[in-house]
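Following: one structure in structure tokens, then a few remarks.
The values are calculated or read from the model by the stated rules, or taken from the named source; none is laboratory data. Please read these numbers as outputs of a predicted model, since none were measured by experiment. So basically every Cβ, Gly included, is an ideal-geometry build from the backbone, and we count neighbours across all protein chains shown.
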Amino acid sequence: MIKEYSVYIIDDNQHCIDRLVEDLKNFPQYDIIGTSVSLMKAMADIKANDIDLLFMDVEMPEGNGFDFLKLLDRNNDMKVVMYSAHNEYIINALRESTFDFLQKPYTSDELEDILNRFENQSEPENYKSSESIDNSKTKALRAISGLVLANVDDIFCFNYSADTHYWSATLRESDKEIRLIKQTSSKNILAISEKFVQINPNNIINIDYLYFIESSTMKCLFKAPFQDYALTASRRCYSKLKSELDIL
């Protein structure tokens with residue numbers, strides 16, 4: 001027998017509610033108890049029902065979703081998925097111990113991945129408590145598997161696959177690449193930290209690991225533990241990179 005999970009949705013945009021309701025119909029184990037465009041109504045509904053999974057928009061006319069969660073007596077096992085068009089809320093979502101963050105517009109694969117993790121009742125690898133988060137260097141990478149918290153200094157590079165159309169991150173202590181969600185662009189990555197620079201259309205590196213650039217071939221060599229990597233800069237990116245470096 002398939003276990004059923006009760007769901008509640010809070011969003012000030014009825015169209016967004018309707019879209020999520022429609023998408024959840026593909027997962028019959030989820031029973032939508034109610035929806036609301038009002039925080040006051042939502043508060044009463046949630047207190048009156050046993051909710052397993054709450055989808056909540058961050059920005060509401062009556063207040064902030066994070067403030068709402070602080071007022072809500074979460075004395076059961078209800079999991080919260082905050083969702084918004086603005087990814088700057090990811091860290092705050094983690095600080096509030098929410099289960100996950102879904103960025104609008106989401107894909108069906110991203111929604112299914114969150115639901116699968118919810119059913120497994122296991123947190124994503126590297127999901128850490130707010131006490132361990134350092135906003136200055138810790139960044140939340142939106143991977144296919146969920147949110148991955150990584151220190152900027154531990155991120156070596158990002159690689160784009162023309163075959164799959166996904167960006168992937170290579171971390172210092174990881175033996176595999178972390179595939180990011182499909183909406184990730186090079187602009188998104190470069191905005192994470194000034195340490196990230198693009199050396200060609202398919203590679204963004206952490207400048208701290210760059211050791212040598214060969215003038216004739218524009219081949220880039222790197223410091224340990226990435227001394228076995230060799231990437232080639234494009235002429236356009238190489239010119240821009242030189243302008244940003246302090247050259248003696």
Next item on the list: Scan (1) of a type in the set (D, E, K, R); (2) at pLDDT 85 or above; (3) not in a strand (DSSP E or B) for the single condition Arg179 breaks and write down its number.
Entry: (3)
Checklist line | One residue from Ser215, Ser168, Ser174 being at negative phi, within 19 Å of the chain's Cα centre (by Cα) and free of Cβ contacts under 8 Å to residues at least 12 places away in the same chain | finding: Ser174
Note to self: From the list Ser168, Ser161, exactly one residue is loosely packed, with under 15 Cβ neighbours inside 10 Å, under 18 Å from Leu231 (Cβ atoms) and not charged (D, E, K, R). Which is it?
What the structure shows: Ser161
Next item on the list: Output the number of residues of the stretch 4-29 satisfying the condition of being modelled with pLDDT of 95 or more and among the aromatic types (Phe, Trp, Tyr).
Entry: 1
Checklist line | Residue check for Val37: out of contact with any helix residue (DSSP H, G or I) (no Cβ under 9 Å at 6 or more places or on another chain), at negative phi and assigned by TED's automatic domain parsing to the domain that holds Ser84 | finding: no
Next item on the list: Please work out which one of (1) crowded, with 19+ Cβ neighbours inside 10 Å; (2) not in a loop (DSSP other than H, G, I, E, B) is the condition Thr184 fails and give its number.
Entry: (2)
Margin query: Would you confirm whether or not the stretch 206-229 contains a residue that is under 18 Å from Leu141 (Cα atoms) and either assigned by TED's automatic domain parsing to the domain that holds Tyr160 or loosely packed, with under 14 Cβ neighbours inside 10 Å (or both)?
Written below: yes
Notebook entry, point to check: Do you know which residues across the stretch 195-248 are of a type in the set (D, E, K, R) and within 27 Å of Glu173 (Cβ to Cβ)?
Noted result: Lys195, Asp208, Lys219, Lys223, Asp228
Next item on the list: Kindly list, by first and then second residue, each pair from a residue in the stretch 9-29 that is assigned by TED's automatic domain parsing to the domain that holds Ile114 and more than 17 Å from Val58 (Cβ to Cβ) to a residue that is surrounded by fewer than 14 Cβ atoms within 10 Å (Cβ to Cβ) and small (Gly, Ala, Ser), limited to pairs with Cβ atoms under 8 Å and residues at least 6 apart or on different chains.
Entry: Asp23/Ser108; Asn26/Ser108
Note to self: Just to be sure I understand, how many residues within the stretch 6-62 are part of a loop (DSSP other than H, G, I, E, B) and not basic (Lys, Arg)?
What the structure shows: 16
